[in-house]
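The values are calculated or read from the model by the stated rules, or taken from the named source; none is laboratory data. Predicted model, so just to flag it, every value in this text is computed and none were measured. So basically every Cβ, Gly included, is an ideal-geometry build from the backbone, and we count neighbours across all protein chains shown.
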């Protein structure tokens, strides 16, 4: 399985956390601040939870605020994800003694008829940027990007200079 902790497209200003698995995994609506978009983790788009209450969790505003902290709790029963803006990171995280029980309701809670241990093991941490994904293509016409090219693929092909300053600036990755 794959866990997308932070993802989004084009001018979206909020995070879409998702799980991708084989067709035998689905999640239920759980206590979370985000909105369940899809529950079938085996679908092409995975099961996704949109962090639509916090416009600082992705995109331009996220970058303007110097990012934030994403935390993931992964157990045999569930996978929970939280986002903390700069200045709101719990002290147990900054002290290196994380206690998810103190963090309140997660932005995303993946729990349901999914055998977490079966679908998620031996994972790697990967930071990448993908261009013209199905989600980006679907949303292309609704963004200002479409004023510059009729398709995402045309934009990438004709505007490579727009990609020069794209990067991840990561302070640290902590695994406990």
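A few points about this structure:
Rundown of residues vs (1) surrounded by 10 or more Cβ atoms within 10 Å (Cβ to Cβ); (2) more than 20 Å from the chain's Cα centre (by Cα); (3) free of Cβ contacts under 8 Å to residues at least 60 places away in the same chain; (4) over 18 Å from residue 71 (Cα atoms), yes/no style:
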residue: 131; (1), (2), (3), (4): yes, no, yes, yes
residue: 145; (1), (2), (3), (4): yes, yes, no, yes
residue: 158; (1), (2), (3), (4): yes, yes, yes, yes
residue: 163; (1), (2), (3), (4): yes, yes, yes, yes
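- Failed item in (1) buried (at least 17 other Cβ atoms within 10 Å of the Cβ); (2) free of Cβ contacts under 8 Å to residues at least 24 places away in the same chain, with residue 86 passing the rest: (1)
- Restricting 70, 53 to those that are out of contact with any helix residue (DSSP H, G or I) (no Cβ under 6 Å at 6 or more places or on another chain) and in contact (Cβ under 8 Å) with a residue 60 or more places away in the chain reduces the list to 70.
- Filtered residue count, the range 120-149, keeping only those that are in contact with a helix residue (DSSP H, G or I) (Cβ under 8 Å, 6 or more places away or on another chain), over 21 Å from residue 3 (Cβ atoms) and assigned to a helix (DSSP H, G or I): 4
- A count restricted to the range 104-119 and to residues that are on the phi < 0 side of the Ramachandran plot, part of a loop (DSSP other than H, G, I, E, B) and over 16 Å from the mean Cα position of the chain (by Cα) stands at 5.
- Filter pass, residue 152 being under 26 Å from residue 41 (Cβ atoms) and in contact with a helix residue (DSSP H, G or I) (Cβ under 8 Å, 6 or more places away or on another chain): yes
- The range 107-118: number of residues that are surrounded by 19 or more Cβ atoms within 10 Å (Cβ to Cβ) and over 10 Å from residue 79 (Cβ atoms): 1
- Residues satisfying the stated conditions in the range 22-58, i.e. out of contact with any strand residue (DSSP E or B) (no Cβ under 7 Å at 6 or more places or on another chain) and surrounded by fewer than 17 Cβ atoms within 10 Å (Cβ to Cβ): 22, 23, 24, 43, 44, 53, 55
- Verdict on residue 124 being within 28 Å of residue 166 (Cα to Cα) and free of Cβ contacts under 8 Å to residues at least 24 places away in the same chain: yes
- Taken over the range 2-21, residues that are surrounded by fewer than 20 Cβ atoms within 10 Å (Cβ to Cβ) and in a loop (DSSP other than H, G, I, E, B) amount to 6.
- Only a single criterion out of (1) surrounded by 12 or more Cβ atoms within 10 Å (Cβ to Cβ); (2) within 18 Å of residue 76 (Cα to Cα); (3) more than 17 Å from the chain's Cα centre (by Cα) is not satisfied by residue 122, namely (1).
- Any chance residue 167 is modelled with pLDDT under 90 and assigned to a loop (DSSP other than H, G, I, E, B): yes
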